[in-house]
Amino acid sequence: MAYKDISRGVRLAADHAKYMTWLEKDTAGRQSAYAAITNPANRVKTERVPGYIIPFDQNGSGLVYLPARLISATQNGRGSALATTIKGIVDEFTFSTTEVAALTTPDVLDNVKKFKFAKLTVIQRVQTATTKEASRITGRQYYRHENDSVTTHFGKKVAADTYDSVVTAIKEKTAFNGLFTGSENALASKYRFVPEGV
């Protein structure tokens, strides 16, 4: 074993001790530590409204509409612009209550609870940190960048749609690509697609 491994073990042992101290904190203690480094004004709270989504596991021409919480057209506060943009991107692959009500005898399954729809999460860089802050758990110094995060669900619009085809269609949208091109913050932003049922 090299000396660097030994020294690393000492450092990791110290970090582990701090981590164990963190685990021993009660709920109030953890909340207090979190509040000390968090600005409530920077929290994103995406407004949502009832709607419907057709899951990808539907086969054939008979489409089933499941209730879902969709991003509202009205947003307030932090992350509003991001939420509005994402809503516009996935609107094509969701259904409002008005759209479903206008259909002739749609097959709606209102009793389905907690279905895991496919989802898209966008983590938008708002401000890149230039100085390091101490971790509230280990005390290690790290760059704590300021990000906004918004998640939305989506499904198929027509019977022929698949998860892969819809993801491709979303990625090709100008509004989607605009979130990740141009400024330094946009280039640092990220996205994640999660398949249905995961």
Considering every residue within segment 53-61, establish whether at least one is farther than 23 Å from LYS157 by Cα, polar (S, T, N, Q) and surrounded by fewer than 16 Cβ atoms within 10 Å (Cβ to Cβ).
no
Would it be correct to say that THR84 is within 24 Å of VAL198 (Cα to Cα) and within 25 Å of the chain's Cα centre (by Cα)?
no
Tell me the residue from THR74, THR27, THR21, THR98 that is open to solvent by 70 Å² or more (accessible area, probe 1.4 Å), more than 19 Å from the chain's Cα centre (by Cα) and at pLDDT 95 or above, please.
THR98
Tally, over segment 30-51, of residues that are open to solvent by 40 Å² or more (accessible area, probe 1.4 Å), free of Cβ contacts under 8 Å to residues at least 60 places away in the same chain and either closer than 29 Å to SER165 by Cα or not hydrophobic (A, V, I, L, M, F, W, C) (or both):
11
Check whether at least one residue in segment 139-154 is more than 22 Å from THR85 (Cβ to Cβ), exposed (fewer than 11 other Cβ atoms within 10 Å of the Cβ) and at pLDDT 90 or above, and report yes or no.
no
Pick out the one residue from GLU184, GLU172, GLU196 that is of a type outside the set (Phe, Trp, Tyr) and open to solvent by less than 50 Å² (accessible area, probe 1.4 Å).
GLU196
Only one residue in THR94, THR46 is of a type in the set (Val, Ile, Thr), closer than 26 Å to THR168 by Cα and in contact with a Phe, Trp or Tyr (Cβ under 8 Å, 6 or more places away or on another chain). Which one?
THR94
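The values are calculated or read from the model by the stated rules, or taken from the named source; none is laboratory data. A quick note: this is a predicted structure, and the numbers were derived from the prediction, not measured. Because the Cβ atoms are built from the backbone with ideal geometry, glycine has one as well, and the counts that use them run over all protein chains shown. For the accessible areas, the whole protein counts, side chains as well, though only heavy atoms, and no ligand, DNA or RNA atoms are used. Shrake-Rupley method; radii C 1.70, N 1.55, O 1.52, S 1.80 Å.
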